[in-house]
1. In nm, to one decimal, how far is the modelled label at residue A:16 from the one at residue B:40, with both set 7 Å along Cα→Cβ?
2. Could you give the distance between the Cα centres of the range B:273-287 and the range A:124-144, to the whole Å?
3. Points 7 angstrom from Cα along the Cβ direction at residue B:182 and residue A:62: gap in nanometres?
4. From the phi of every residue in the range B:27-32, what ³J(HN,Hα) in whole Hz does the Karplus formula 6.51 cos²θ - 1.76 cosθ + 1.60 yield, where θ is phi - 60° and glycine or proline is x?
5. Of B:97, B:135, B:185, which is the most mobile in a GNM of chain B whose springs link Cα atoms less than 10 angstrom apart?
6. Between residue A:254 and residues 5 or more places away or on another chain, which pairs have amide H atoms under 5 Å apart, with H built 1.01 Å from N, and which residues are they?
7. Only four residue types carry charge here, +1 at the Cβ of Lys and Arg and -1 at the Cβ of Asp and Glu. Report the dipole size of the protein assembly as shown about the Cα centre in Debye, rounded to the nearest 20.
8. Nearest 20 debye, what's the magnitude of the dipole of the range B:14-170 about its Cα centre given +1 on Lys and Arg Cβ and -1 on Asp and Glu Cβ?
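FYI, it's all coordinate maths here, none of it is from the lab. Bear in mind that the values here come from a model prediction, so they are computed numbers and not experimental data. Don't worry about glycine lacking a Cβ; one is built from the backbone with ideal geometry, like all the others, and counts go over all protein chains shown.
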Amino acid sequence: MSEVLAVDAVDLTKTYGPLRAVDRITVQVAQGEVYGILGPNGAGKTTFLRMLFGLIRPDSGTLKVLGRTWHDDGIATLQGVAGFIESPKFYPGLSGRRNLQLLAGLDGGVPSARLDNVLDVVDLGARQSDKVGGYSFGMRQRLGVAAALLRDPRLLVLDEPANGLDPAGIRDMRALVKRLANSGLTVLLSSHDMGEVEQICDDVTIMNTGSVVYHGSITALRKRAPQQAHEITTTNDDRTAVLAASRGLEVTRTDAGLAVRGPQDEIDSLVADLVADGIALRGLSRRETPLEALFFMLTEATPDTPTRDLLTAGAPR
Amino acid sequence: MTLTTTRTPSTPDVRVMRRPSTVTVLRWELAKLAAQARSRAVLIVALIAPVAVVLVLNGQEQPPSDTIYGRHIHTSGYAMPLLMLAFAAQWVLPLLAAVVAGDIFANEDQHGTWKTILTRSVSRGQVFWAKTLTAILFNLSVLAVFAASTITASALIIDTQPLTGLTGQLIASGTALKLIIAAWATAIAPVIGFTALALLLSVKTRNPSLGIAAPVVLGFVMQLLSSISGIDLLRRFLLTTPFESWHGLFTQHRFYGPLTTGLAVSAGWTVLCLTLAYLALRRRDITGG
């Protein structure tokens, strides 16, 4: 792994009037990493990526991309960098291929075979001659990836690549990103979906309202996640709550019934207890994954709430 | 999705991406312009419309006598291009100048493509100059086509009789042709000025419709202002005034003062508008488009 970080952002701050969109965040991504920037809408992820691409200027802090800075190197900072911010946009009256040709022209042009190649990679070969105005959202996302790949980047930045896609599109996009990540690229992926980041990324920075609330590996984060929670509805929720508590399960009331959190074998035993007690089980389903639960705890927490204490290893910075 | 293609983007044959030159960016912008139906339509209109206008005016028994050279259009084919120039200066040339220039920046906002462009290794300055040069080159081409079509149609449909000058002198056919070409050439500077104005409005409004319509409206306002007596100093600085600077070429004793003033005024408008547009684009936070 190279010593030069792919992304080295230190104490970056960006304000829009009274709104502090990004507040002294530090993000460091080593080359070859698949790194996630995770947070709910409005967390500051896209603002950070806009600063990375030089679309906006930070108010303070330093930012190096593959060892270059906007201050010293100007547009050369984007050498080796490609990707898209928010949803990729193209000229709707031109075909997908023509759009790629035009963009490639900005990089000095590419051979026709290379266009064929990237269009095949994103599975748009058959629709390359169609006008982009007729493309679905997912096709435009994939064309965005193709446009980025044309630059043969060392750092690929993807902002919510699965956003707005249908389930099949999400599956395909994740498969594509995983494949690109496995090829040795450094990938910086922004998402609000913990499941997506968990599947693809090695390390993650979690942001909330402009600040970093966690940074570290997915493995370390997983260790600190709470137990799996289940939604349970029965003919006697009061008695069920007593039985669950007697097994050491954490019980909370929900609109639908009860949420119980604890080891899987204890949940299994609780179901047996219910049957023995003559209580009919009307529904039992998994709630969010443990990591998702932790993500919600982090991003719905205020700075004073104790949920932050869950993360002593991955300290906010 | 089929993911069977084996080439990966970071395999050892990685190309070294070099920063594109401004000429490369200009070529990119020209290719985009060539792909636009609107730009082709403007060129076709500039080619065909003068022929139709010449045919219609030539067929009228009553010439437009209240307009400069209007009363001479039936006596010399060289009068028609001057009448057309005077008429076009009122709104046609500002409109033709704004159709591409007023849209060229704003359509990136409209399509949301600023991020697509600026996330490649191309600077805002390069994009600015490429778009500016493209708009100017295109507008000068339109002006040339418009002028050539008008002059040719007039000569073929009417005739090539000598032209009566503004002070009543007779101008020989060959000289008249040269002077008419020179008269149309005087429109180059104000057309560039209107192009710069449209570019500024395109950058500032981020709205193609406003970028196109506003220069035409401003042109009308300037025409109105220039017709008000007692504001001669202000009139001199209006961008529409240079469109009239050719009058001195058609008098017995030619005078070139309005030409030099027109050039200076047009240059002033051009520099001011382009500077403001450049600074606005450089300083803008690209958050939406």
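1. Label at residue A:16, label at residue B:40, 4.0 nm between them.
2. 32 Å
3. Modelled inter-label distance: 6.4 nm.
4. Going residue by residue, I get 4, 4, 5, 5, 5, 5 Hz, with x marking Gly and Pro.
5. Fluctuation is largest for B:185.
6. Residues meeting the amide H criterion: A:259.
7. About 1920 debye.
8. 1160 debye
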